[in-house]
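Where a number appears in this text, it was derived from the coordinates with a stated rule and is not lab data. All values reported here derive from a predicted model rather than from experimental measurement. Don't worry about glycine lacking a Cβ; one is built from the backbone with ideal geometry, like all the others, and counts go over all protein chains shown.
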Amino acid sequence: MQLKLLDSTEISNLYHDHMVIDFPKDELKPLNMILKSVKESFYDCFGLYDEEEMVGYTFMVKLDNSYLIDYIAIFPECRNKGIGANLLAIIDDYLENADRIFGEVEDPAYTKEKSQKELQSRRLNFYLRNNCRDTGRRVDCFGVKYIILEAGKIQFENKDDVWNLYEKFYRSFLPEDKFNKNIMRLN
């Protein structure tokens, strides 16, 4: 399996065919924001291919030599076959020289609905089983409560470092007023 950088047409098709289904509306950035970020060279969109067939994808914000995994998903028909774990290993290899690699996962502690809590717990445990580490930092991003996870070889020394980089990522593409209204440190 390999990652392939997607062009704007492939990104648009993927967005309309999969992302609108794979992610809740409140977690999905508008397509025009994603395409603008790609054009401005601080956002990479990759398809995960098994030979010629796309089986999943990951979208990442890049800042200097650090990466925030913004979206990651395996197509429904390809799930539960080890492909998600494979994708995380491929990302680690692809970004082996990165200063930092981190991402967000919904925090099940804030969810009241039992089925949603179970799904979020399964996602969190999947990442923890596959070499991601809980940084101990919790954030509210556009009303969604997240746990910040890290991957890669370099670990954060403390939670303030996590927040500082997280804040820097979002400030790099959000206007000040939107950042102040929608990005909050919970602990």
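Here each label is just a point 7 Å from Cα along the line to Cβ, and for Met33 and Asp17 those points are 2.5 nm apart.
Could you work out [θ]222 nm for the chain from helices alone, using -39500 (n - 2.57) per DSSP H run of at least four and dividing by all its residues? Round to the nearest 500 deg cm²/dmol.
Numbers: 6 runs with 66 residues, N = 187.
The per-residue figure over the chain is -10500 deg cm²/dmol.
Between Asn125 and Leu174, how many nm apart are label points set 7 Å from Cα along the C-beta direction? A separation of 3.1 nm, rounded to one decimal place.
Can you tally the net charge around Lys145? Count Lys and Arg as +1, Asp and Glu as -1, for every other residue whose Cβ sits under 11 Å from the Cβ of Lys145.
Local charge sum for Lys145: -3.
An oblate overall shape is assigned to segment 1-43, the ratio a/c of its alpha-carbon gyration tensor axes (a ≥ b ≥ c) being 1.5 or greater and a/b not exceeding b/c.
If the only charges are +1 at each Lys and Arg Cβ and -1 at each Asp and Glu Cβ, what is the size of the charge dipole of segment 2-185 around the Cα centre, to the nearest 20 debye? Can you show the working numbers first?
Numbers: 26 positive and 33 negative charges, 152 e Å.
Magnitude of the dipole: close to 740 debye.
Using 0.36 nm times the number of residues separating Thr9 and Glu53, minus their current alpha carbon distance, what extension gain do you get? It would help to have the intermediate numbers written out before the result.
Numbers: separation 44, 0.36 × 44 = 15.84 nm, distance 1.65 nm.
Here the segment from Thr9 to Glu53 would lengthen by 14.2 nm.
Couplings 3J(HN,Hα) of segment 50-60, computed from phi: 9, 6, 9, 9, 6, 10, x, 6, 8, 10, 9 Hz, in residue order, whole Hz [Karplus 6.51 cos²θ - 1.76 cosθ + 1.60, θ = phi - 60°; x for Gly and Pro]. More than 19 Å apart: what percent of Cα pairs in segment 2-185 qualify? Roughly 58 percent, rounded to a whole number. Normalised Debye scattering of segment 102-187 at q = 0.22, 0.23 Å⁻¹ gives log10 I(q)/I(0) of -1.09, -1.15, counting only Cα atoms as equal scatterers and leaving out solvent.
Treating only the Cβ atoms of Lys and Arg (+1) and Asp and Glu (-1) as charged, compute the dipole magnitude of segment 117-187 about its Cα centre; round to the nearest 20 debye.
Working: 15 positive and 10 negative charges, 60 e Å.
So the magnitude is around 300 debye.
Amide H to amide H, with H built 1.01 Å from N, Phe142 comes under 5 Å of Ile183, Met184, counting only residues 5 or more places away or on other chains. Report the net charge of residues surrounding Phe169, where surrounding means a beta-carbon distance below 11 angstrom and charges are Lys +1, Arg +1, Asp -1, Glu -1. Neighbour charge sum, excluding Phe169 itself: 0. Note on segment 20-72: Cα Rg divided by 2.2 N^0.38 Å, N the number of residues, gives 1.20. Using the Cβ-Cβ distance between Glu167 and Met1 with R0 set to 45 Å, the FRET efficiency from 1/(1 + (r/R0)^6) comes to roughly 0.85.
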